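The values are calculated or read from the model by the stated rules, or taken from the named source; none is laboratory data. Remember, predicted model here, so these are calculated numbers, not experimental data. With ideal geometry, Cβ positions are generated from the backbone for all residues, glycine too; neighbour counts draw on all protein chains shown. Ligands, DNA and RNA are excluded from the accessible area calculation, which covers all protein heavy atoms including side chains. Shrake-Rupley method; radii C 1.70, N 1.55, O 1.52, S 1.80 Å.
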Amino acid sequence: LRMDGSSIQGETFEDKLASIACLLANKKNIVVLAGAGISVSCGIPDFRSTTGLYNTLNYQELALASPEDLFDIETFREDPRPFYKFAHQLWPAQGSIQPGASHKFLAWLDQQKMLLRIYTQNIDTLEQSAGVRSDKVVYAHGSLLGATCMKCKAKYLASDIAADVQSGTVPLCKRSRNKKTKLSSGSGSTAKKTSTMAPPLEPRMSLRRASAKRVPSQSDMNFEVSMKQGLCCGVIKPNVTFFGEKLGNDVGRSLEKDYESADALIVMGTSLSVAPMSKVVGFLPPDIPRFLINRNIVRLPKVSGEDDEHLFHVCLLGNCDDVVKTLEQKMKGKDSQTESTNIDHKGSVANSEAWLRNQPKESVLLFPGAVVCEPQEPEPAEPQQKVVVYCDECENEIEGKIFCCGTCFDYDLCGACYPNTSLTHADGKHDFVVES
């Protein structure tokens, strides 16, 4: 498949789409990298679009300094109440959110034995709800299927803390401080509620958060009573990866395992702006075809000075659900007439192809919902979310130079560990590159 789009056969939109569908239908080990855009139609907001969470969240009401602080681990440790005050919107009641067409398309790929793995940045677990087998899904940022006490590490099911989440209450661990074993989670009356209180947090101010006056509440008194009863009362955190936390080891291990087998990559509904998952495209073999299904063009980061080979071979721009419904019909060999309507032309596109972001026009097909606009004038710079990198040897945050394994995914060493660990890691056969 040529990068300039010349390998896509046909003169009409339908013929080109049929050519793309035929190419994809012959693949047996497709890797999918999915983002929030595939769940928007289900009522779950994305993060960075104009109508996304970061642009619509009233973060001042939550006493946060920025929208990103809602998912910042240091902010959560200092005061989990802002997160849980909002969490019911991310953590809908069981059964209230149903999978959309994009999730069902992924389940269809699995049924057809074409799917190698889905690496989803979403925490809603709608891929599994749609029927994708659990061993085919890697939750890169964790999921809402479970939660863990930050104090004693007791494990909980989502159903155990559902009542607290829906009421906006911080769930606290009810494990006895006198017990050595972890709390046994389950269903029934005890699974409906973990607490009705918030933890007594110190009124110290975070540099990341807006100042907020701490007022003692009835919840604090309830906490004190519960402590006297011998309960752990640690804050229960959902099993999702916050900013400032390292990805689970399963992500890297799975990607390294899938490297040799992958024969195509589909990137769906993501801006690829969050590391390290933004590096997945550059990590996978450069000779496999790369398909983008998204509302707008995503420009991939350069890897080791490379450029063109990290463009997408095919870009299907539009609402993810609209694209995959038509694509699936074509892959099944059925006719499905699609009109390129409702394309979002916000901004100036006349006599300009800046929206293509160097992507060859011949490789792009437009569907309803496509955003084809010239990049807007840059806005005043805002504080960027700090990217925290941890050493895989000592597990401390890396300050200064980062020594990155050129073979493994997201394997980094600090300057102190690099001299010795680089000699034993993979028997010293892997080369490292240095990043600042």
- Message: For segment 47-91, give me the residue count where each residue is closer than 18 Å to S143 by Cβ and modelled with pLDDT under 85.
- Response: 6
- Please identify the pairs in which a residue from segment 115-137 that is touching a residue at least 24 places away in the same chain (Cβ under 8 Å) has its Cβ atom under 9 Å from the Cβ atom of a residue that is among the charged types (D, E, K, R) and in a strand (DSSP E or B), counting only partners at least 6 apart or on another chain. K136/R117
- Task: For segment 304-315, state whether one or more residues are of a type in the set (G, A, S), modelled with pLDDT under 90 and open to solvent by 60 Å² or more (accessible area, probe 1.4 Å).
- Result: yes
- Restricted to segment 72-95 and to residues being open to solvent by 30 Å² or more (accessible area, probe 1.4 Å) and polar (S, T, N, Q), the residue farthest from V240 (Cα to Cα) is Q94
- Message: So, in segment 243-273, how many residues would count as being under 29 Å from C394 (Cβ atoms), open to solvent by 30 Å² or more (accessible area, probe 1.4 Å) and either in a loop (DSSP other than H, G, I, E, B) or free of Cβ contacts under 8 Å to residues at least 60 places away in the same chain (or both)?
- Response: 8
- Query: Name the residues in segment 96-138 that are in a helix (DSSP H, G or I), open to solvent by 10 Å² or more (accessible area, probe 1.4 Å) and of a type in the set (S, T, N, Q), would you?
  - Reply: Q111, Q128, S129, S134
- Output for segment 408-436, where each listed residue is without any contact (Cβ under 8 Å) to a residue 60 or more places away in the chain and within 23 Å of the chain's Cα centre (by Cα): D412
- Note on the structure: Within segment 52-71, the residues that are of a type in the set (D, E) and either surrounded by fewer than 17 Cβ atoms within 10 Å (Cβ to Cβ) or under 24 Å from R295 (Cβ atoms) (or both) are E61, E68
- Message: Quick check on segment 62-72. Is at least one of its residues part of a helix (DSSP H, G or I) and more than 30 Å from L316 (Cβ to Cβ)?
- Response: yes
- Task: Inspect all residues belonging to segment 34-51 and state whether any of them is of a type in the set (A, V, I, L, M), under 30 Å from Q112 (Cα atoms), assigned to a loop (DSSP other than H, G, I, E, B) and open to solvent by 50 Å² or more (accessible area, probe 1.4 Å).
- Result: no
